[in-house]
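This report concerns only the one structure given below.
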Amino acid sequence: MRVLFVTSPGLGHLFPTIPLAQAFRAAGHRVRYATGGLSLAAAEAGFDVVDVTPGLDYLPVYLPQEPGAADGTADHPMFAEDPEDAELATLFARVSGVMVDGALAAARDWSPELVVAPPLQGAGRLLAAALRVPLIEPRLGSYDSGARLRTLLRAGMEPHWARHGVTDEPPATVPLTTLPPSLTALLPEDRRTPGARSLRHVPYNGGAVLPEWLREPARGPRIAVTLGTIEAQWGGIAILGPLMEAVRGLDAEFVLTLGGGDPELLEDVPPNVRLVDWAPLDLLLDSCDAIIHHGGSGTMLTAAAAGLPQCVIPRGSYQQTGADLLPARGIGIVAEPGTLGAAECRTLLDDTRLRENARQVRDELLAMPTPAETVGRLVASLG
């Protein structure tokens, strides 16, 4: 079977799909990606990739500006404290829209028998309908699990459906969810996906030649700090300045992954903070006791798979629901960047309730069907 994965141009959208793609390939199926931007990194995982938007700068797509307008990121749905579903749908209809023509051309050239695309990548749903093949929709986390956002995105994509003459839906759509049951139970009703099949979140963060410091056991308590890639590259790394000063002298090592962010935005970094441009998060967390992060779903689930307490700095639309889930389940805390300091770090390291709850959620994840098991069941059911 030929399986085409269609993902949005961001590592947070690509990486969660890689283990499922690997499982399809290991089962003997042919796998190809149709994507663009940062998600062309699928090639580094060994997959054939079609660049559906060659040469396109995605920054103006994500952050369109009128001539002479201010930056405006504070009000942008990727950074707003609590954006409406309609705002997110408009954003991802725009991102998906620029990918439609290239993705559809790639699909028609290759004739896949199955399309896999997260709900916020509207081009995947369109081309599955155009080719009359089943669609697998892996939810990437808590923010894209609800039916309302999916419906709004479909409406925002309507001009693209019309100009390609596509009127029907895919012949079958199978939703997948990577959220463990206890987190799903805490979601608002409109964020749930009734009938979604469970799929274990298997962390994929790319490979690396391990540096010596990461191969050796940590010499004391270690806390990972990350803002992902998009937030960091767009200047968000500066919000960690107060934390850097607050942890000076604390009996713990902090590993801050810059994710492409400019270290010059952090003044006078204390000696117990190690700055690294990038490290595979799952491997880093193997050596850590806790994590402080932006709340991205992939980061949240990777930390959950490691059984670690988490502190979330809610920084936008993807993070809002996750920031609600973690304290509700008792596996994390939430802090504002300006006040996050030594007290919160001590809580992460010393609170036995947080640590026990985190282990329980890890065990829930381990009980969910693996990508290999899921592929076998999907193929059998779509047979």
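The values are calculated or read from the model by the stated rules, or taken from the named source; none is laboratory data. Here the structure is a predicted model, which is why all the values come from computation and not from measurement. Every residue, glycine among them, receives a Cβ derived from its backbone with ideal geometry; neighbour counts consider all protein chains shown. Keep in mind that these areas ignore ligands, DNA and RNA; they rest on the heavy atoms of the full protein, side chains included. Shrake-Rupley method; radii C 1.70, N 1.55, O 1.52, S 1.80 Å.
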**Item:** One residue from R377, R359, R355 being more than 30 Å from G249 (Cα to Cα) and in contact (Cβ under 8 Å) with a residue 24 or more places away in the chain
**Value:** R377
**Filter result (modelled with pLDDT of 85 or more and either β-branched (V, I, T) or closer than 16 Å to R191 by Cβ (or both)) within the stretch 310-352** = V312, I313, L325, L326, A328, R329, I331, I333, V334, T339, T347, T352
**Asked** Taking only pairs six or more apart or across chains, which ones have beta-carbon atoms under 7 Å, a first residue in the stretch 281-305 that is open to solvent by less than 20 Å² (accessible area, probe 1.4 Å), and a second residue that is among the basic types (K, R)?
**Response** C288/R222; G295/R315; A304/R362
**Message:** Restricting to the stretch 211-235, name every residue that is at pLDDT below 90, open to solvent by less than 30 Å² (accessible area, probe 1.4 Å) and in contact with a Gly (Cβ under 7 Å, 6 or more places away or on another chain).
**Reply:** L227, G228, A232
**Item:** Residue within the stretch 37-59 that is at pLDDT below 95, surrounded by fewer than 21 Cβ atoms within 10 Å (Cβ to Cβ), of a type in the set (D, E) and not in a helix (DSSP H, G or I) present
**Value:** yes
**Message:** Would you confirm whether or not the stretch 339-351 contains a residue that is farther than 16 Å from L176 by Cα, in contact with a Gly (Cβ under 7 Å, 6 or more places away or on another chain) and open to solvent by 60 Å² or more (accessible area, probe 1.4 Å)?
**Reply:** no
**Message:** Residues that are closer than 19 Å to P280 by Cβ, at least 1 per element: which helices (runs of 4 or more DSSP H) completely within the stretch 137-244 meet that?
**Reply:** 212-215, 230-233
**Prompt:** Considering A380, A367, A328, A372, which residue is open to solvent by 20 Å² or more (accessible area, probe 1.4 Å), in contact with a helix residue (DSSP H, G or I) (Cβ under 6 Å, 6 or more places away or on another chain) and of a type in the set (G, A, S)?
**Reply:** A372
**Item:** Filter result for the condition that a residue is open to solvent by 60 Å² or more (accessible area, probe 1.4 Å), outside any loop (DSSP other than H, G, I, E, B) and basic (K, R), over R25, R32
**Value:** R25
**Request:** Would you point out the residue of the stretch 79-103, among those that are open to solvent by 10 Å² or more (accessible area, probe 1.4 Å), farther than 12 Å from M157 by Cα and in contact with a Leu (Cβ under 8 Å, 6 or more places away or on another chain), that is modelled with the lowest pLDDT?
**Result:** D85
**Prompt:** Are any residues in the stretch 134-153 without any contact (Cβ under 8 Å) to a residue 40 or more places away in the chain and open to solvent by 40 Å² or more (accessible area, probe 1.4 Å), and if so, which ones?
**Reply:** R150, T151
**Asked** In the stretch 104-136, which residues are in a strand (DSSP E or B) and over 22 Å from E158 (Cβ atoms)?
**Response** L114, V116, I136
**Message:** Just to be sure I understand the filter: pairs with C-beta atoms under 7 Å, separated by 6 or more residues or on different chains, first member in the stretch 260-272 and at negative phi, second member among the polar types (S, T, N, Q) and assigned to a loop (DSSP other than H, G, I, E, B). Which pairs pass?
**Reply:** none
